[in-house]
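Student: Shown below is the structure under consideration.
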Amino acid sequence: MFRGTELVAVAMAPPQPAGKVRVLTVEMYEDGLIVRYVLPDFELPVGGDIDRPWEPVDMAVEDDTGTEYEWASGGGGSSDGGPFRGEEAFTPAVPGDARRLIVRSESGAVKLELDR
């Protein structure tokens, strides 16, 4: 079970081309990681008028050491008509010898270099 109570490091995502999903950061914790992202062109309906149903973001994480990450939880939201911001948690923790994380979504792969 992912608890995410002890932050170990944060990796900033590089600039990305336009797409549905834009990865912002990966927060690394003692027992897993959180991928923070934004959907720049998706706004949640206001006032209960659901004209566009929510479509979950299909995301996967891998690293250069071959760790198998499993989805643990996720969620997000929007306020004042802004874009949807979300997070997806994965376990286990990123191993100390990993030097690169790759986050895959329908927008492609985002490579994050780890400087720890």
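The values are calculated or read from the model by the stated rules, or taken from the named source; none is laboratory data. All of these numbers come straight from a predicted model, not from anything done at the bench. With ideal geometry, Cβ positions are generated from the backbone for all residues, glycine too; neighbour counts draw on all protein chains shown.
Student: Cβ contacts < 6 Å: first residue without any contact (Cβ under 8 Å) to a residue 40 or more places away in the chain and surrounded by 10 or more Cβ atoms within 10 Å (Cβ to Cβ), restricted to the stretch 64-84; second residue among the aromatic types (Phe, Trp, Tyr) and assigned to a loop (DSSP other than H, G, I, E, B), any location; separation 6+ or different chain. Result?
Tutor: Hits for this filter: zero, empty list.
Student: If you don't mind, there's one more thing I want to ask. Under 7 Å by Cβ, and 6 or more places apart or on different chains, what pairs join a residue from the stretch 23-36 that is small (Gly, Ala, Ser) with one that is in a strand (DSSP E or B)?
Tutor: Gly32/Ala72; Gly32/Ala89; Gly32/Phe90; Gly32/Thr91
Conditions (1) part of a loop (DSSP other than H, G, I, E, B); (2) closer than 20 Å to Arg99 by Cβ; (3) among the hydrophobic types (A, V, I, L, M, F, W, C); (4) at pLDDT 90 or above, marked per residue:
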residue	(1), (2), (3), (4)
Val8	no, yes, yes, yes
Pro14	yes, yes, no, yes
Met28	no, yes, yes, yes
Leu33	no, yes, yes, yes
Arg36	no, no, no, yes
Glu43	yes, no, no, no
Val46	yes, no, yes, no
Arg52	yes, no, no, no
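Student: Would you check if Val94 is in contact (Cβ under 8 Å) with a residue 12 or more places away in the chain, assigned to a loop (DSSP other than H, G, I, E, B) and crowded, with 18+ Cβ neighbours inside 10 Å?
Tutor: Yes: the conditions hold for Val94.
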